[in-house]
Structure formats: structure tokens, C-alpha cells
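Colleague: Below: one structure in C-alpha cells.
What follows draws every value from the coordinates through simple rules; no lab data is involved. Since the model is a prediction, treat every value here as computed from it, not as a measurement. Reconstructed Cβ throughout: ideal geometry from the backbone, glycine too, with neighbour counts over all protein chains shown.
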């Protein structure tokens with residue numbers, strides 16, 4: 001009997017939490033960054049305060065073709081794509097709180113890091129960097145960002 005009473009006590013609290021607030025999810029789309037190549041969005045803003053970007057690879061926004069053959073060239077394009085998405089979302093690199101970097105070859109870490117530092121600066125966000133077997137379109141690097149929207 002005690003279990004039933006507890007269950008009836010918690011169900012209204014759960015319902016109040018899920019139905020009492022409306023999650024405001026805004027899809028971000030800009031032609032200044034590559035359009036998605038699958039069933040996802042460039043970024044999603046939550047309640048106008050937090051932005052989650054899709055992982056960006058070195059695609060040219062106009063042609064849809066890969067840019068560069070070196071980790072440096074591709075990292076620049078990736079960061080330019082992220083910059084465009086952040087700008088379209090009314091935020092920028094200094095408001096980034098977390099990034100995830102996916103590298104095809106971890107030996108490229110230092111070269112990628114030099115370019116990354118130019119964009120994220122002194123107030124760099126928390127970051128995870130992992131080596132992966134393969135990236136879309138055989139990219140050398142992919143980066144995703146979580147940022148505050150001031």
C-alpha cells in the first residue's frame with residue numbers, strides 16, 4: 001500500500017514539471033554555413049539561452065564541397081562555419097562553454113589546436129578531443145559547440 005501512495009504522490013509532481021513549462025526550441029539555419037547533409041539542423045537554441053551546434057566539417061557553404069587537404073585548412077573552414085552559425089544565433093566564440101573535437105588522426109592535434117586557439121582565444125571552453133575512425137566526407141576534423149546566447 002505504501003508503494004501506491006508514493007506513486008500517487010510523485011505522478012502529479014512529474015506531470016507538473018513536464019506540462020507546466022514549455023520548452024522553446026528554435027531551429028537555426030544560415031546559408032553562411034553548409035546546409036545539413038542529413039536529417040539534422042545546423043544548430044538548435046533552447047529557450048533562447050543555450051545553443052547546440054551540429055558537428056561541422058570543412059564544407060564550403062556555397063559549393064557544398066570539402067575545403068582543404070590539410071588539417072590546418074580544414075580546421076579554418078570548420079571554425080568559419082561555426083562562426084557563421086554562432087553569428088546567426090546572436091552569439092560568438094567567447095560565449096562557447098563546451099566543444100567536442102573529432103580528429104581522424106590524433107597526430108593532427110597540435111596543428112588543429114593552433115587554429116582552434118585563434119578562434120576561441122583565452123577564454124576557451126571546456127573541450128573533449130577524440131580520434132575517430134572516419135568522419136563524413138572523409139573530413140580530417142569535425143567540431144561541435146555548445147554556447148550561451150547572451
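Colleague: Please tell me the relative contact order of region 89-150 in percent, rounded to the nearest whole number, where contacts are Cα pairs under 8 Å and at least six residues apart.
Modeller: Details: 92 pairs, mean separation 36.5, N = 62.
59 percent.
Colleague: In addition: Give the separation of the Cα centroids, region 41-70 to region 78-144, in Å.
Modeller: Rounded to whole Å, the Cα centres lie 10 Å apart.
Colleague: Grab the beta carbon distance between residue 44 and residue 72, set R0 = 25 Å, and tell me the FRET efficiency rounded to 0.05. Can you show the working numbers first?
Modeller: Details: r = 29 Å, r/R0 = 1.18.
E between residue 44 and residue 72, to the nearest 0.05, is 0.25.
Colleague: Tell me, what is the FRET efficiency for residue 60 and residue 113 to the nearest 0.05, using R0 = 25 angstrom and their Cβ-Cβ distance as r?
Modeller: 0.60
Colleague: Arrange 53, 110 by Cβ neighbour counts within 10 Å, fewest through most, would you? Mind dumping the intermediate values first?
Modeller: Numbers: 53 23, 110 9.
Going from sparsest to densest Cβ surroundings: 110, 53.
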